[in-house]
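Participant: Attaching a single structure in structure tokens format; questions to follow.
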Amino acid sequence: MTDRSRRRFLRGTATTAGLLGLAGGAHAGQGRALGLPVSGYGQRARHETAARWLTPTRYLASTASWTPLADQVGSLTPAGLHYERHHAGVPDIAPDAHRLLIHGLVRRPLEFTLAELRRFPQAERLCFLECSGNSYREWQGPGGVDVQQTHGLTSCSVWSGVRLADVLAECEPQPEARWLVAEGADAARLTRSLPLAKALDDVLLAYGQNGEALRPEQGYPLRLLVPGYEGSISVKWLSRVKLSAEPVYSREETSKYTDLMPDGRARAFTLMMDAKSVITAPSPGPTPLAPGFQEIRGLAWSGRGRVTRVEVSVDGGEHWQDATLHGPVLPVCHTRFTLPWRFTGAPALLASRCTDETGYVQPTREALIAARGANSFYHYNAIQRWRVDADGSVHNA
Amino acid sequence: MPERALLLTVLLWASATGAEGLGLGHAPDAATLAAADTAIGPSGEELPPGRGSVDEGAALFAAQCAACHGATGREGPDPVLVGGQGTLATAKPEQTIGSYWPYATTVFDYIRRAMPFTRPGSLSDDQVYALTAFLLARNGILPQDTVLDRDGLRAVRMPNQDGFFPDPRPGAP
């Protein structure tokens, strides 16, 4: 403690003691009530109410819930606020009865219990997952009313499990295997194809998230975890992996999760999540911005590796300043950035633009639409702008 | 000593992860393997026996599908299944089975694994063939008098089969 800070501390203590003295006088003899006892599983403070936002639909079993990015502190997402996307609801799976079958182009088809899988060498990986439908409304112009509704289909966790490569090695893949088909045990038996090269590189069979067992809505008891790729290929409730020479061309990689281009043709297997960033504060919310110091804060991420630079503009992209990146800056993770700013009451147009370690620079909306048109639905990663009006209200622009 | 410790570690690691594997997992029985292998690729080789007609499919569709997809498969509110051919390059593309899906086998696969939405897995293979026949006929891909079976489905070529291309990224926006 420096002399100055000690003096400030003592001054504060004296003031606090004075206030307490007055209060103590008013309630003499009552003392202080004990707090709550220890508990088996902790809960957040009852005053904290941040929650996922549910896409309005007739079918809550086949929709998405969005992470409240503006309420998120730091770069990790609590498991209970991690975004969800299910196609047929969350199954209730008893772990002792769950099996993973690996078959197809392997010399030794094998079935694994969870206990058997847990005996493989342990692996851990921090990474974000992002639904490729994140920000889909922005293709047609400013759509989401706040950052939760524009960008909340991304979340970042630490995942624990075993390397899929180690488990596949037990099954002895045949040389002609090029893909695997992963199937979940949800009601819709969601199925997706993944290139085997990626599976052997850095894919996990994950049973843990943020230090505890997966939540049911995150795939309990076992899911694929495919770093950097669109979320739906990290198949939850994983029960089957079939090695094959070709993709299976399931509905979720033909009718959906393909990107329609202006000429009427479509990109297929657009798995990589390109670099993206968004300012989370100031961002649209119920309380107008107060004049004076306002730290600009946000998140940046890239499926291809580390974020190396985030620039911030307060004039809609005419001028850019480098923001500070807050470590640890990890590959394929949310990276927090900040820039000090002063809101003077003059209207402003806030924007962030990130660059990743491959040199890829987040595009403007105009550049993205010039390349892909406005009908591809998936993989919208353009620069997001927030308009700050003179009254301090903030809007999607 | 450090060298010997390192050597021991390497030897232990090699024996634990050597070519003979870890010895984990167990061989599935034939019934498990056969029951699990349901995903159907474009060749259709995994398709089960069975058959169903367009007319049977029409009745099933009215009873089990129309509430979400509309009486003719075009009204919604859930995904439009019929029509849309020629719209993919317009400002309002309709990505239906007929206009967009590259493989007919995917129609069978998806209905069998995921439909009807509130009761997936409840349809017989004959019923799935019938619904597939109905939807392909509604899209003008099969004649109205079709009775669809494994060989018939494997022979279907979808209008938009060549409408997809590999991801050009990185190197394209």
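The values are calculated or read from the model by the stated rules, or taken from the named source; none is laboratory data. In this text the structure is predicted, and so the values were computed from the model without any measurement. Quick reminder, even Gly has a Cβ in these numbers, built from the backbone with ideal geometry, and neighbours come from all protein chains shown. When the accessible area is computed, the model is the full protein with side chains, heavy atoms only, and any ligands, DNA or RNA have been set aside. Shrake-Rupley method; radii C 1.70, N 1.55, O 1.52, S 1.80 Å.
Participant: Take A:ARG385 and tell me if it is within 24 Å of A:TRP139 (Cα to Cα), of a type outside the set (S, T, N, Q), assigned by TED's automatic domain parsing to the domain that holds A:VAL314 and open to solvent by 20 Å² or more (accessible area, probe 1.4 Å). Write out each step before concluding.
Facilitator: Values: within 24 Å of A:TRP139 (Cα to Cα): yes; of a type outside the set (S, T, N, Q): yes; assigned by TED's automatic domain parsing to the domain that holds A:VAL314: yes; open to solvent by 20 Å² or more (accessible area, probe 1.4 Å): yes.
Criteria met by A:ARG385.
Participant: Restricting attention to region A:324-346, does a residue exist that is within 14 Å of another protein chain (Cβ to nearest Cβ), out of contact with any Leu (no Cβ under 6 Å at 6 or more places or on another chain) and open to solvent by less than 50 Å² (accessible area, probe 1.4 Å)?
Facilitator: Pass one, region A:324-346, residues within 14 Å of another protein chain (Cβ to nearest Cβ): none.
No; the residues of region A:324-346 include none that is within 14 Å of another protein chain (Cβ to nearest Cβ), out of contact with any Leu (no Cβ under 6 Å at 6 or more places or on another chain) and open to solvent by less than 50 Å² (accessible area, probe 1.4 Å).
The rows are residues; the columns are (1) at pLDDT 95 or above; (2) assigned to a helix (DSSP H, G or I).
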| residue | (1), (2) |
| --- | --- |
| A:ARG8 | no, yes |
| A:GLY12 | no, yes |
| A:THR16 | no, yes |
| A:GLN30 | no, no |
| A:ARG44 | yes, no |
| A:THR49 | yes, no |
| A:LEU60 | no, no |
| A:LEU76 | yes, no |
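Participant: I would also like to ask the following. Identify, from the list A:ALA323, A:ALA281, A:ALA346, A:ALA351, the residue that is in contact with a helix residue (DSSP H, G or I) (Cβ under 8 Å, 6 or more places away or on another chain) and not hydroxyl-bearing (Ser, Thr, Tyr). Full working, then the answer.
Facilitator: Values: A:ALA323 fails: in contact with a helix residue (DSSP H, G or I) (Cβ under 8 Å, 6 or more places away or on another chain); A:ALA346 fails: in contact with a helix residue (DSSP H, G or I) (Cβ under 8 Å, 6 or more places away or on another chain); A:ALA351 fails: in contact with a helix residue (DSSP H, G or I) (Cβ under 8 Å, 6 or more places away or on another chain).
Going through A:ALA323, A:ALA281, A:ALA346, A:ALA351 in turn, just one is in contact with a helix residue (DSSP H, G or I) (Cβ under 8 Å, 6 or more places away or on another chain) and not hydroxyl-bearing (Ser, Thr, Tyr): A:ALA281.
Participant: Which one is nearest to the other protein chains (Cβ to nearest Cβ), of the residues in region A:117-136 that are open to solvent by 40 Å² or more (accessible area, probe 1.4 Å) and touching a strand residue (DSSP E or B) at 6+ places or on another chain (Cβ under 9 Å)?
Facilitator: Within region A:117-136, the subset open to solvent by 40 Å² or more (accessible area, probe 1.4 Å) is A:118-119, A:121-122, A:124-126, A:136.
Those still in the list that are touching a strand residue (DSSP E or B) at 6+ places or on another chain (Cβ under 9 Å) too: A:118-119, A:121-122, A:124-126.
Working: A:ARG118: 10, A:ARG119: 6, A:PRO121: 8, A:GLN122: 13, A:GLU124: 18, A:ARG125: 19, A:LEU126: 23 Å.
Within region A:117-136, the match that is nearest to the other protein chains (Cβ to nearest Cβ) is A:ARG119.
Participant: Are there any pairs, at least 6 apart or on different chains, whose C-beta atoms fall under 9 Å, with the first in region B:25-49 and surrounded by fewer than 18 Cβ atoms within 10 Å (Cβ to Cβ) and the second among the small types (Gly, Ala, Ser), and if so, which?
Facilitator: Partner pairs satisfying both residue conditions: B:ASP37/A:GLY104; B:GLU46/B:ALA39.
Participant: Out of region A:188-239, which residues are within 14 Å of chain B (Cβ to nearest Cβ) and of a type in the set (Ser, Thr, Tyr)?
Facilitator: A:THR191, A:SER193, A:TYR229, A:SER232, A:SER239
Participant: If you don't mind, there's one more thing I want to ask. Scan region A:166-188 for residues that are open to solvent by 30 Å² or more (accessible area, probe 1.4 Å), farther than 15 Å from A:LEU222 by Cβ and in contact (Cβ under 8 Å) with a residue 12 or more places away in the chain and jot them down.
Facilitator: A:GLU172, A:PRO173, A:GLN174, A:GLU176, A:ARG178, A:TRP179, A:ALA187
Participant: Continuing with this model, one more query. Can you name every residue in region A:137-171 that is acidic (Asp, Glu), in contact with a Gly (Cβ under 7 Å, 6 or more places away or on another chain) and within 13 Å of chain B (Cβ to nearest Cβ)?
Facilitator: A:GLU170
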